[in-house]
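For reference, the structure is listed below as structure tokens.
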Amino acid sequence: MVRLSEKIGYALGDAAAGGITWKVMSIAFPLFFTNVFGLSVADTATLMLIARMFDVVTDPLMGSLADRTQSRWGTYRPWLIFGAVPLGLIFALLLYTPDFGPVGKRIWAYSLYLLMMATYTAVNVPYGSLLGVMTNDDNEKNQFSSFRMVGAYAMGFVTLLSFPYLQKMVGGSDQHQYAVAGVILGALATAGTLACGLMTRERLKPIRAEKFSLRPFADLFRNKPWVYLTLIGICMNFFNGFRYAVAGYMFEYCLHGDVTVSGLIINYTVFMTFGELTCMVFGGVSPIFTKWIGSKRKAFIWAALICVITSIAFFFVPMDAAYIWVLIAIVVLTSIGIGLYSPLLWSMYADVADYATEKNGTSSTGLIFSSGTMSQKFGTAISGSLVALLLGIAGFASGTDATGQTVVTITNAESVNNMIWALFSIFPAIIALIMMGLVYIYPIKK
């Protein structure tokens, strides 16, 4: 029987990675890069595209490397223990705006962002792979996965809710506020990652293929469940990515700034906090919901359907701050679906890893879970890149002038606002429909 403390320890890993670093990178970075740091829309889109091509190589290589690691701390845990400090430090540096011109800022952003992606990979791929070696009990895997999602959403809730108040407390320029927030949140990410590495145990020994070979990579593409699940993961992160990346622009331009209700500051991070809290609650309910529905596959489809319906409904709400509670209510309903299906993805990756081990005779757990991390980064960053690109097409432009100041220009406000609104609603609805179809034909029927 796995102790509760270990499940909490495992949850702290995604609280650090998913609830702090990835949440801020997904929600704040697009707006930060264009409106605070001073990158152009084209540079922001290109940066995220280049990073994704980088991840296509580094994620599977990291998975293969993690599978072959042998140490006194185990196979996957040492990557968390020794990667914790670099993760928090690089994250803090990435939220710092140096006093450089356009070229210097571009070099800083590209270098630090790619380094952050590599560090995140080195920590998060082994973290996901831990699920495959902590227990062989399917119910325990579902519980670990559920704790993981609750940890990520709970910390995401705290991070996003506190962000505007942290900025207000720090004061000064936007650049100063983000830099101080980066130091504080980076330190918390380091602590959570380190705690996860120290509080968990590896009970199962992977069946190793000690010599490096390209065969496991080739085997992946012959593994039909893996192919379908990777596409599902990409869609799932596209769904989240569009909404996260455009939320800041929605408040800035569609709702004309922060909304204050009875002393509560509702900016784009607080707005998404209502969804994080809902996801946290329903992530914990997910195992019960799955058992009631009868299978992970059916539970996933019903949860995704909720996201389709509520995303379409959001599109028809007027762009007016007077409707803020209607908008929040729809975000909460959408997050019920997200909370129910999010833990299922990682439990399904564990099923795919077991299927691959049985079929091929050696473990490729790290490699298979790396594709989950890759789909997370691919879906989130490509969607962020597309948001920047589509806003540019609609009439939004940004950059740094000769004095180093950030300049934003909008040539067609109505077009930009309509694009922002659709990116938060219609685009995610289409993605959720595609995801439902993929889950329906997913071969493993557990």
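The values are calculated or read from the model by the stated rules, or taken from the named source; none is laboratory data. No experiment lies behind these values; they were computed from the predicted model shown. As a convention, Cβ positions derive from the backbone with ideal geometry for all residues, glycine included, and neighbour counts pool all protein chains shown. The accessibility values were calculated without ligands, DNA or RNA, using every heavy atom of the protein model including side chains. Shrake-Rupley method; radii C 1.70, N 1.55, O 1.52, S 1.80 Å.
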- Among the residues of region 327-351, write down those that are of a type outside the set (A, V, I, L, M, F, W, C) and within 20 Å of the chain's Cα centre (by Cα). 334, 335, 337, 339, 341, 342, 343, 347, 349
- Restricting the first residue to region 3-18 and requiring it to be β-branched (Val, Ile, Thr), which pairs with a second residue that is surrounded by fewer than 17 Cβ atoms within 10 Å (Cβ to Cβ) meet a Cβ separation below 7 Å and a spacing of at least six or different chains? none
- Query: Of the residues that sit in region 116-133 and are at pLDDT 85 or above and more than 15 Å from residue 21 (Cβ to Cβ), which one is farthest from the chain's Cα centre (by Cα)?
  - Reply: 130
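Of these, 53, 62, 48, which one is within 17 Å of residue 110 (Cα to Cα), open to solvent by 10 Å² or more (accessible area, probe 1.4 Å), at pLDDT below 85 and part of a helix (DSSP H, G or I)?
None of the others qualify; the one that does is 53.
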- Message: Just to be sure I understand, how many residues within region 383-430 are in a helix (DSSP H, G or I), within 23 Å of residue 50 (Cβ to Cβ), open to solvent by 20 Å² or more (accessible area, probe 1.4 Å) and among the aliphatic types (A, V, I, L, M)?
- Response: 4
- Message: Being touching a residue at least 12 places away in the same chain (Cβ under 8 Å) and either surrounded by fewer than 20 Cβ atoms within 10 Å (Cβ to Cβ) or assigned to a helix (DSSP H, G or I) (or both) is the filter here; which residues of region 71-81 pass it?
- Response: 73, 77, 78, 79, 80, 81
- Item | Filter result (outside any helix (DSSP H, G or I), open to solvent by 10 Å² or more (accessible area, probe 1.4 Å) and not polar (S, T, N, Q)) within region 2-45 | 2, 3
- Query: Under 6 Å by Cβ, and 6 or more places apart or on different chains, what pairs join a residue from region 396-414 that is within 15 Å of residue 105 (Cβ to Cβ) with one that is at pLDDT 70 or above and hydrophobic (A, V, I, L, M, F, W, C)?
  - Reply: 398/41; 398/408; 399/407; 401/407
- Out of all the residues in region 302-312, is one or more among the hydrophobic types (A, V, I, L, M, F, W, C), open to solvent by less than 10 Å² (accessible area, probe 1.4 Å), touching a residue at least 12 places away in the same chain (Cβ under 8 Å) and within 26 Å of residue 258 (Cα to Cα)? yes
- Message: For the structure I just gave you, tell me whether residue 68 is modelled with pLDDT under 85, of a type in the set (Lys, Arg) and within 21 Å of the chain's Cα centre (by Cα).
- Response: no
- Task: Report yes if some residue within region 240-249 is at pLDDT 90 or above, open to solvent by 20 Å² or more (accessible area, probe 1.4 Å) and not polar (S, T, N, Q); otherwise report no.
- Result: no
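Matching residues to (1) over 20 Å from the mean Cα position of the chain (by Cα); (2) over 19 Å from residue 155 (Cα atoms):
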| site | (1), (2) |
| --- | --- |
| 269 | no, no |
| 276 | no, no |
| 285 | yes, no |
| 292 | yes, yes |
| 301 | yes, yes |
| 304 | no, yes |
| 322 | yes, yes |
| 325 | yes, yes |
- Note on the structure: The correct count of residues that are of a type in the set (Asp, Glu) and either at pLDDT 85 or above or surrounded by 20 or more Cβ atoms within 10 Å (Cβ to Cβ) (or both) in region 257-293 is 1
